[in-house]
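So the structure is just underneath, and the comments pick up after that.
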Amino acid sequence: QVQLVESGGGLVQPGGSLRLSCTASGSIFSVNAMGWYRQAPGKQRELVTAIIGGGSRNYADSVKGRFTISRDNAKNTVFLQLNSLKPEDTAVYYCNTIPATLDWGQGTQVTVST
């Protein structure tokens, strides 16, 4: 079973930036649509952005213009650049296929606070 490992989260002030990484143990990215999801305290996990095999990208309205998803198929890694962070972006961030068919990784915590 392919395993997903997310990293790069942390504590940042509003307006700050972070770069998240997600590495898979197997070669799946070149054939699957991949996405970043997040789960805030007390809320359901939601899909915030996706990158399709051909390179097209989709973003939730809440992150459009601030977040950028990218991928490196050779390294089985997908990235998420988070800019202009807001307190409401605070959540645990996960990656998975779309739809989510792999076991969830541990996620990486992003906290936006003064």
When only the heavy atoms of the protein chains count and the probe is 1.4 Å, how do GLU46, GLU6, GLU88 rank by accessible area, highest first? GLU88, GLU46, GLU6
How large is the accessible surface per residue of the chain, computed with a 1.4 Å probe and reported in Å² as a whole number? 50
Report the relative contact order of the range 54-98, percent, no decimals, based on alpha-carbon pairs under 8 angstrom and at least 6 residues apart. 26
Compute, for the range 1-91, the length of the dipole vector about the Cα centre, with Cβ point charges of +1 (Lys, Arg) and -1 (Asp, Glu) only. Units Debye, rounded to 20. 80
Hey, any idea what % of the range 22-67's accessible area is carbon plus sulfur with a 1.4 Å probe? 47
Which of SER62, SER17, SER70 ends up with the largest GNM mean-square fluctuation for the chain, with Cα atoms connected below 10 Å? SER62
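For the range 50-114, what ratio Rg/Rh do Cα atoms give with a Kirkwood hydrodynamic radius?
Checking Rg against Rh, the ratio lands at 0.96.
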Among PRO41, GLY8, TRP104, which residue has its Cα positioned farthest towards the positive end of the charge dipole of the range 1-105, with +1 placed on the Cβ of Lys and Arg, -1 on the Cβ of Asp and Glu, and the dipole taken about the Cα centre? GLY8
Selected from GLY53, GLY26, GLY42 as most flexible by GNM, with the chain as the system and alpha-carbon contacts under 10 Å: GLY42
With an 8 Å cut-off on Cα pairs and a minimum separation of 6 or more residues, tell me the relative contact order of the range 1-84 in percent. 32
Compactness summary of the range 1-104: radius of gyration and Dmax from Cα atoms, Å, are 12.9, 38
With 0.36 nm assigned to each residue of separation and the Cα-Cα distance removed, ASN83 to GLN3 gains 26.1 nm
22 Å Cα-Cα reach of LYS86 towards lysines, excluding residues that sit fewer than 8 places from it in its own chain: LYS43, LYS64
How far, in nm, would the chain grow between SER70 and ARG19 when pulled straight, counting 0.36 nm per residue and subtracting the alpha carbon separation? 17.3 nm
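The values are calculated or read from the model by the stated rules, or taken from the named source; none is laboratory data. As the structure is a prediction and not an experimental result, all values here were calculated from the model. Every residue, glycine among them, receives a Cβ derived from its backbone with ideal geometry; neighbour counts consider all protein chains shown. Note: areas computed on protein heavy atoms with side chains; ligands, DNA, RNA excluded. Shrake-Rupley method; radii C 1.70, N 1.55, O 1.52, S 1.80 Å.
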